[in-house]
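Trainee: Dropping a structure here in structure tokens format, bear with me for questions.
The values are calculated or read from the model by the stated rules, or taken from the named source; none is laboratory data. Small disclaimer: the values here were computed from a predicted structure and weren't measured. Note that we place each Cβ from the backbone using ideal geometry, even for glycine, and neighbour counts take in every protein chain shown.
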Amino acid sequence: MSDHQRLLLIALRDPFLDSDRVMPPIGVMSLQSFMLSQGVDSVIENDFDLNALEKYQDFTHFGISCMTPQRAQAYEILHAVRARFPGRTVILGGPHVKYYLEDCKKENFDYLVVDDGEWALKAIMEGTAPAERVLRMPVSEAQMNEFPIPYRDPAFLSQYNYTFLGIKATTVLTAKGCPMSCTFCEDARTTVRSYSPAIVEEQILQIKGMGYEGIMFFDDIFTISIKRVRELTNIIGKHHIHFRCFGHAKRMTDEMCQLLAEAGCVETGFGAESGSQKILDITRKRTTVESNMEYVERCNRHGIKVKAFLMLGLPGENHQTITETREFLRFLMSKRFKSRLGREISNDFDMTIFFPYQGTAIRSGLDRGTNEFDLFFVGDAADYAGFYKGKGGSSDTILRTSALSQQELIKAQNELMDEFKKYVSL
Ligand code: B12
Ligand code: SF4
């Protein structure tokens, strides 16, 4: 091995998803463009081959990006690199480190990077990192806006095939963080940092130039305020693309809907979560079943399709709350409307079962042993990969409520999917 420092940035596979070549790994792509801008010799590997380790002979540093369900893969790569290439630096980053730091510390990584990776990776590569294993080197909103846009090399991006409503699309992030407090979500109450409209525009131009006609803006808070939606739609509207984004029932007004529709929005996803007001209140969703329905009506009136994200197995789930969720689905899936693309279409939904990740208020309550949530473990979460939407829509299920067993939750999920998925337009 030469003295030359070389970084391999590893985006792990997701064998439990229907396909892991749909949405590209924006975290790794952001780090890649930043490292290249800093003069670091860096390469992305999105299909790490444990059976051909000789390919990685020239890399001095291995940076693995990991979500919780991928942790076993990350640890396997660590052990293989340690055995084959002693003395190389192995770094773990991504959401798993942020929320499962104590577990990660048990593994022999050289560095564990909590949250933003840019400054930490730069310091590691330059040999100026603090003499600590756990690095927290946050990026400010101003700094984030000075970084290069994510690495979208056509050969790399073309490995990911994402479409909505038949439109060839890819993803863009307009902001990070979420100010809301949903008790089932790890992103609750995280600092909001927004990209300037100019940076969003730079990415739209890049993506359009590569032949994509659609963009999914996948940040949690695209519709956080009418002011922000005005800023973003002013820019997006100029470029004649179709887009999809996430909305929140509490914030969606007619004016917002109209701005979105006029700028090319054809679909919004939104966390309806449950058809039960009791559950919406317990989880601090800050919406009502009625406002969720109004959200659907509004979007559909403007020709915007709605994909509602619903979960079973939240605190207090029982036969009655499931009946209420069924009612909500009946309402959602009975709608037929003229899409902005001209066709008559219907809405869509996801029906998952809540998995209690560390970092959520519910999981913290369960770990403290308080009985504030009507939820009980039926096994050890550490034994589960931990995904809420796997192959064929299946969910890892680890909880029950006082009224419903784990099997009853799975049965209800399957029944609701069978009853309503057939109405999704193709
Ligand atoms: C887009 C997205 C997806 C996409 C694409 C994922 C991908 N390959 O990137 C898809 C749809 C495939 C997906 C799938 C899932 N996701 Co997801 N996803 C997101 C989402 C909305 C945005 C992620 C993102 O790109 N952020 C922007 C980038 C810039 O940030 P980042 O990725 O965190 O990267 C930064 C830092 O983490 C760090 N970093 C990242 N990697 C590395 C590596 C090194 C070496 C270093 C030093 C630093 C570092 O630096 C980066 C730049 O600053 C987040 C929520 C969110 N708002 O973050 C959830 C989120 C990451 N997903 C989550 C979950 C649970 C899942 C699923 C398990 C859901 C399921 N199906 O059951 C699957 C699992 C897939 C898997 N990989 O295991 C959780 C993660 C929880 C956890 N503990 O890991 C999150 C936080 C959502 C939530 N609140 O529950 N997801
Ligand atoms: S579920 Fe959505 S609105 Fe609620 S905290 Fe998480 S990202 Fe924010």
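Trainee: Tell me, which strands (runs of 3 or more DSSP E) wholly within segment 8-96 include 3 or more residues that are hydrophobic (A, V, I, L, M, F, W, C)? Give the derivation first.
Mentor: Working: elements: 41-45, 61-65, 89-93.
Fully inside segment 8-96 and qualifying: 89-93.
Trainee: Turning to a different aspect of this structure: Of all residues in segment 189-205, which are surrounded by fewer than 20 Cβ atoms within 10 Å (Cβ to Cβ), touching a strand residue (DSSP E or B) at 6+ places or on another chain (Cβ under 9 Å) and closer than 14 Å to GLU141 by Cα?
Mentor: Of everything in segment 189-205, those that are surrounded by fewer than 20 Cβ atoms within 10 Å (Cβ to Cβ), touching a strand residue (DSSP E or B) at 6+ places or on another chain (Cβ under 9 Å) and closer than 14 Å to GLU141 by Cα turn out to be THR190, THR191, VAL192, ARG193.
Trainee: For segment 53-72, what are the residues that are under 23 Å from ARG6 (Cβ atoms) and either assigned by TED's automatic domain parsing to the domain that holds THR360 or not polar (S, T, N, Q) (or both)?
Mentor: LEU53, GLU54, LYS55, TYR56, ASP58, PHE59, HIS61, PHE62, GLY63, ILE64, CYS66
Trainee: State yes or no: is GLY127 without any contact (Cβ under 8 Å) to a residue 40 or more places away in the chain and at positive phi?
Mentor: Answer is yes for this residue.
Trainee: Enumerate the pairs (first residue in segment 378-402 and closer than 27 Å to VAL22 by Cα and outside the structural domain of GLU186 (by TED's automatic domain parsing); second residue anywhere and away from ligand 2 (no atom under 16 Å from the Cβ) and outside any helix (DSSP H, G or I)) with beta-carbon separation below 8 Å, excluding pairs fewer than 6 apart on the same chain, so at least 6 apart or on different chains.
Mentor: Pairs that qualify, where the first residue is closer than 27 Å to VAL22 by Cα and outside the structural domain of GLU186 (by TED's automatic domain parsing) and the partner is away from ligand 2 (no atom under 16 Å from the Cβ) and outside any helix (DSSP H, G or I): there are none.
Trainee: Further, regarding this structure: Just the residues that are within 29 Å of TYR212 (Cα to Cα) and small (Gly, Ala, Ser), please, taken from segment 1-38.
Mentor: Scanning segment 1-38 gives ALA11, SER19, GLY27, SER30, SER33, SER37.
Trainee: ARG244 fails exactly one of the following numbered conditions: (1) buried (at least 16 other Cβ atoms within 10 Å of the Cβ); (2) basic (Lys, Arg); (3) more than 21 Å from the chain's Cα centre (by Cα). What is the number of that condition?
Mentor: Answer for ARG244: the failing condition is (3).
Trainee: Specify the residue that is surrounded by the fewest Cβ atoms within 10 Å (Cβ to Cβ); the eligible residues are those in segment 44-68 that are of a type in the set (A, V, I, L, M) and more than 16 Å from ligand 2 (Cβ to nearest atom).
Mentor: Only one residue fits best here, namely ALA52.
Trainee: Let me ask something additional. Across segment 25-43, what is the total count of residues that are surrounded by fewer than 21 Cβ atoms within 10 Å (Cβ to Cβ) and either among the acidic types (Asp, Glu) or touching a strand residue (DSSP E or B) at 6+ places or on another chain (Cβ under 9 Å) (or both)?
Mentor: The total comes to 6.
Trainee: Consider THR401 carefully, then state whether it is within 16 Å of ligand 1 (Cβ to nearest atom), surrounded by 14 or more Cβ atoms within 10 Å (Cβ to Cβ) and either among the aliphatic types (A, V, I, L, M) or at pLDDT 90 or above (or both).
Mentor: Working: within 16 Å of ligand 1 (Cβ to nearest atom): no; surrounded by 14 or more Cβ atoms within 10 Å (Cβ to Cβ): yes; either among the aliphatic types (A, V, I, L, M) or at pLDDT 90 or above (or both): yes.
Spelling it out, it is not the case that THR401 is within 16 Å of ligand 1 (Cβ to nearest atom), surrounded by 14 or more Cβ atoms within 10 Å (Cβ to Cβ) and either among the aliphatic types (A, V, I, L, M) or at pLDDT 90 or above (or both).
Trainee: Among the residues of segment 101-140, which ones are under 14 Å from ILE64 (Cβ atoms) and buried (at least 21 other Cβ atoms within 10 Å of the Cβ)?
Mentor: Result: CYS104, PHE109, TYR111, LEU112, VAL113, GLY117, ALA120, LEU121, ILE124.
Trainee: If I filter segment 223-231 for residues that are closer than 20 Å to THR352 by Cβ, within 16 Å of ligand 2 (Cβ to nearest atom) and assigned to a helix (DSSP H, G or I), do I get at least one hit?
Mentor: no
Trainee: Name the single residue, out of those in segment 172-188 being in a strand (DSSP E or B) and within 16 Å of ligand 2 (Cβ to nearest atom), that is surrounded by the fewest Cβ atoms within 10 Å (Cβ to Cβ).
Mentor: Step by step, filter segment 172-188, then rank; the result is GLY177.
Trainee: Follow-up question, since we're still on this one. Mind checking whether some residue in segment 250-273 is within 16 Å of ligand 2 (Cβ to nearest atom), under 21 Å from the mean Cα position of the chain (by Cα) and at positive phi?
Mentor: Yes, that holds for at least one residue.
Trainee: For a quick check of your reading of the model, give me the residue pairs whose first member lies in segment 130-147 and is farther than 14 Å from ALA175 by Cβ, whose second is of a type in the set (A, V, I, L, M) and assigned to a helix (DSSP H, G or I), with beta-carbon atoms closer than 6 Å and at least 6 apart or on different chains.
Mentor: Note: pairs meeting the criteria are LEU135/ALA120; MET137/ALA120.
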